[in-house]
Amino acid sequence: MSNVRQTGGMTESADRRLSARALSEGDPTGWFEPLYAEAALSSDPLSAVPWHRDIPNPLLVEWVETHPPTPGTRAIVVGSGYGTDAEYIAAQGIPTVAFDISPSAITATRERFPSSRVEYRAADLLALPPDWAGAFDLVIESLTIQSLPPEIRAEAIAGVRSLVAPGGTLLVIANVAQGVPPSPPWPLSRADIDAIASPELELIAVEAFAQPGHFLGARWVAEYRRVS
Ligand SMILES: C[S@@+](CC[C@H](N)C(=O)[O-])C[C@H]1O[C@@H](n2cnc3c(N)ncnc32)[C@H](O)[C@@H]1O
């Protein structure tokens, strides 16, 4: 996840610096808000966050184009960052909620898309609003599970699973683990992808796509369906 770009006013290793501190203090989610808050003070906040993209994730776009949403679909985007993927989903005519643990990310996203139809919320995947349980027909989780250390992965996965409505779909996009995982992120092995499934959440399809030139290599796109 380390950023190799020089960004407006920030050192190139802000994510490494802040994550190392939070992890050493036993607070594995405690670096996201400082990162976005620091970015907000820089001359170019969007490029100060290493995972930000101005265009929606091409793997998400390809999946949506091949799995057109049915009328009435309600979607939620986990760890929505600056909102690019959530805006893409909402642009398909899907009522969309998107959340991030960082209030600064949510504030910046609302400013970025002042007329957005997306309901942006600051919320923690590890302590979700109770009324979100089973409320979404399409749950999009891109790169958030892998941004949390293995010790809390089960908790994060439980949170993601809890959002899926009966009959609903969970889409997981994550980097493919290659040997010893860097930290962060902690890319997922095929066994990790399989372990997201449960008796209620069936793995429907999984494929690894090459990401030419990306420092973390290939990415999984995994689709799950809640059967009950
Ligand atoms: C690696 S970024 C991925 C952003 C985006 N989903 C993407 O695909 O580019 C992880 C995002 O998840 C957010 N995040 C991390 N832990 C979270 C948590 N416990 N609850 C909600 N969001 C979280 C971070 O603030 C960050 O925006």
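Here are some notes:
- Springs between Cα atoms under 10 Å define the GNM used for the chain, and in it the highest mean-square fluctuation of G72, G134, G81 occurs at G72.
- Computed P(r) (all Cα pairs; the range 126-167; 5 Å bins; percent): 5, 24, 30, 24, 13, 4
- Charged-residue dipole, Cβ positions (Lys, Arg, Asp, Glu), the chain about Cα centre, Debye nearest 20: 140 debye
- Here the Karplus relation 6.51 cos²θ - 1.76 cosθ + 1.60, evaluated at θ = phi - 60°, turns the backbone of the range 29-45 into coupling constants of 9, x, 10, 6, 4, x, 5, 5, 5, 5, 4, 4, 8, 8, 6, 9, x Hz, with x for every Gly and Pro.
- Across the range 156-167, rounded Karplus estimates of 3J(HN,Hα) from the backbone phi angles (6.51 cos²θ - 1.76 cosθ + 1.60, θ = phi - 60°) give 5, 5, 4, x, 4, 4, 5, 7, 7, 6, x, x Hz, Gly and Pro being marked x.
- For the chain, diffusion coefficient by Stokes-Einstein and Kirkwood Rh (Cα), 4 °C, 1.567 mPa s, µm²/s: 73 µm²/s
- Most fluctuating residue given options L126, L188, L35, as computed from a GNM of the chain linking Cα atoms under 10 Å: L126
- Net charge in the neighbourhood of V206 (other residues with Cβ under 12 Å of its Cβ; Lys, Arg +1, Asp, Glu -1) is -3.
- The range 81-128, accessible area per residue, ligands and nucleic acids excluded (1.4 Å, Å²): 42 Å²
- Taking the protein heavy atoms of the range 101-228 in the context of the full set of protein chains, the accessible area attributed to carbon and sulfur is 55 percent at 1.4 Å.
- For the range 44-74 versus the range 116-184, the gap between their alpha-carbon centres in whole angstrom: 15 Å
- Comparing W186, W31, W132 in a Gaussian network model of the chain where C-alpha atoms under 10 Å apart are linked, the largest mean-square fluctuation is found at W132.
- Radius, Kirkwood style, for the range 169-228 when every pair of distinct Cα atoms is counted (Å): 12.1 Å
The values are calculated or read from the model by the stated rules, or taken from the named source; none is laboratory data. Since we're looking at a predicted model, the values are computed, not measured. Note that we place each Cβ from the backbone using ideal geometry, even for glycine, and neighbour counts take in every protein chain shown. Heads up: the accessible areas ignore ligands, DNA and RNA and are worked out on the full protein's heavy atoms, side chains in. Shrake-Rupley method; radii C 1.70, N 1.55, O 1.52, S 1.80 Å.
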